[in-house]
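Visitor: One structure, as structure tokens, below. Some questions next.
The values are calculated or read from the model by the stated rules, or taken from the named source; none is laboratory data. Quick caveat, the model's predicted, so the values are computed rather than measured. Because the Cβ atoms are built from the backbone with ideal geometry, glycine has one as well, and the counts that use them run over all protein chains shown.
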Amino acid sequence: MTPFREQNKTVIGAVGLTVILLLIGVAFSADKLPIIGGGDVYQAEFSEAAGLRPTDEVRVAGVKVGKVIAVDLAGDRVIVKFRVKNADFGKESRADIRIKTVLGRKFVMLTPDGPGQLSTVDLIPLARTSSPYDVSEAFQGLASTVDQVDTKQLERSFETLADTFRDTPDEVRASLTGLSRLSRTIASRDQQLRVLLERSSVVTQVLSERDADLTAFMADSSLILQELRRRRAAINTLLTTTTQLSEQLIALVRENRATLAPALQKLHNVVLVLKANQDNIDKAIPRLATFTRVFANNLGNGRWFDTLVQNLSSPTGFGPGAAPGGAG
């Protein structure tokens, strides 16, 4: 057999590159493989997509069991295809599009119902599906069409309606009078209302663009709360021991107050004396260094040392009759 280092390097490189490309292709389509990806593909029809997108979650009882793989238009309806793995739901199951976040992210909620297992060839009909009302899109649409509303004409319409029903019972007439006042208020605040809706549209757009950041922030906040929950026992122990320590210190001071009070008073007096002589202490410390050096030099001369004592007279005589100040 030919050694590996003597084989054709071009063929080896081509084979290696092909294997790498196959591995990359398998990695990108792993969820479609029968063993690695797993799961079956189901379909449901909705009256509208309501902002649902591929890769959105599919949940059963709040637990993620799959994801949306396609959202296609079929006439006046929308066909949603989703892949589900390891989940059982009957032939009469429902599929509802729900709102996941306040910024408009959606997911498909499956509600198991009926006997057996839903077949992959069956289509969940429109009667067993529902789509949510998107408030964000409604505000954006209102902000874009508010300029086309003739507020003056709207006010005249409400006034005409109120005049037409003027002879009706008091309850109806009061309601229409309130509508008339409402129309006047809207007309008088036309510009402010338009600015408010335009800014609301900008805010919703910014929040939509920051959806991933807000989701990550909420996830991090959840992690912090989970960590605090795990450390709750340690924090509780710390607070308990701190309370016990404070109680013991209070009891110690209370029991030894008669002893501690005089001691603290004396310590206060010592501190006052030291503070009053602070200048002398500051001057003595440098001079002490000089004395220590000279004294050490004297001790190094042998088994004796010379000492000089200030204000002591020199020796002048010996014996009992020596004058005062002499040495004997």
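Visitor: Going by the conditions given, is S221 without any contact (Cβ under 8 Å) to a residue 12 or more places away in the chain and of a type in the set (S, T, Y)?
Guide: yes
Visitor: Checking E92 against (1) part of a strand (DSSP E or B); (2) surrounded by fewer than 16 Cβ atoms within 10 Å (Cβ to Cβ), which test does it fail?
Guide: Here E92 meets the rest and fails (1).
Visitor: If the requirement is being surrounded by 12 or more Cβ atoms within 10 Å (Cβ to Cβ), in contact with a Phe, Trp or Tyr (Cβ under 8 Å, 6 or more places away or on another chain) and in contact (Cβ under 8 Å) with a residue 12 or more places away in the chain, which of these qualifies: L179, L207?
Guide: Testing whether each residue is surrounded by 12 or more Cβ atoms within 10 Å (Cβ to Cβ), in contact with a Phe, Trp or Tyr (Cβ under 8 Å, 6 or more places away or on another chain) and in contact (Cβ under 8 Å) with a residue 12 or more places away in the chain leaves just L179.
Visitor: Give E57, E92 a once-over and let me know the one that is closer than 20 Å to V121 by Cα, touching a residue at least 12 places away in the same chain (Cβ under 8 Å) and of a type in the set (D, E).
Guide: That would be E92, the only listed residue that is closer than 20 Å to V121 by Cα, touching a residue at least 12 places away in the same chain (Cβ under 8 Å) and of a type in the set (D, E).
Visitor: Please go through the stretch 50-86 and pick out each residue that is among the aliphatic types (A, V, I, L, M), touching a Ser or Thr at 6+ places or on another chain (Cβ under 7 Å) and not in a loop (DSSP other than H, G, I, E, B).
Guide: Matches in the stretch 50-86: V68 only.
Visitor: Next up: As an exercise: evaluate V121 against (1) surrounded by 18 or more Cβ atoms within 10 Å (Cβ to Cβ); (2) free of Cβ contacts under 8 Å to residues at least 60 places away in the same chain and give the number of the one condition it does not meet.
Guide: (1)
Visitor: Sticking with this structure for a sec: Would you please name the residue that is surrounded by the most Cβ atoms within 10 Å (Cβ to Cβ), looking only at residues in the stretch 69-89 that are closer than 16 Å to R59 by Cβ and β-branched (V, I, T)?
Guide: Only one residue tops the list, namely V80.
Visitor: Where residues in the stretch 50-67 are hydrophobic (A, V, I, L, M, F, W, C) and modelled with pLDDT of 85 or more, which of them is surrounded by the most Cβ atoms within 10 Å (Cβ to Cβ)?
Guide: By that ranking, first place goes to V58.
Visitor: Please verify whether the stretch 250-263 includes one or more residues that are modelled with pLDDT under 85, surrounded by 10 or more Cβ atoms within 10 Å (Cβ to Cβ), assigned to a helix (DSSP H, G or I) and β-branched (V, I, T).
Guide: yes
Visitor: May I pose another question? Enumerate the helices (runs of 4 or more DSSP H) found wholly within the stretch 124-239, keeping only those where 3 or more residues are of a type in the set (S, T, Y), on the phi < 0 side of the Ramachandran plot and modelled with pLDDT under 75.
Guide: So the answer is 135-145, 170-188.
Visitor: Just wondering, is there one or more residues in the stretch 97-113 that are surrounded by fewer than 13 Cβ atoms within 10 Å (Cβ to Cβ), on the phi > 0 side of the Ramachandran plot and modelled with pLDDT under 90?
Guide: No: the stretch 97-113 contains no residue that is surrounded by fewer than 13 Cβ atoms within 10 Å (Cβ to Cβ), on the phi > 0 side of the Ramachandran plot and modelled with pLDDT under 90.
Visitor: Go through the residues of the stretch 265-279 one by one and say whether even a single one is at pLDDT 85 or above, polar (S, T, N, Q), over 22 Å from the mean Cα position of the chain (by Cα) and in a loop (DSSP other than H, G, I, E, B).
Guide: Yes, the stretch 265-279 has at least one match.
Visitor: For A296, state whether it is over 60 Å from the mean Cα position of the chain (by Cα) and surrounded by 10 or more Cβ atoms within 10 Å (Cβ to Cβ).
Guide: Yes, satisfied.
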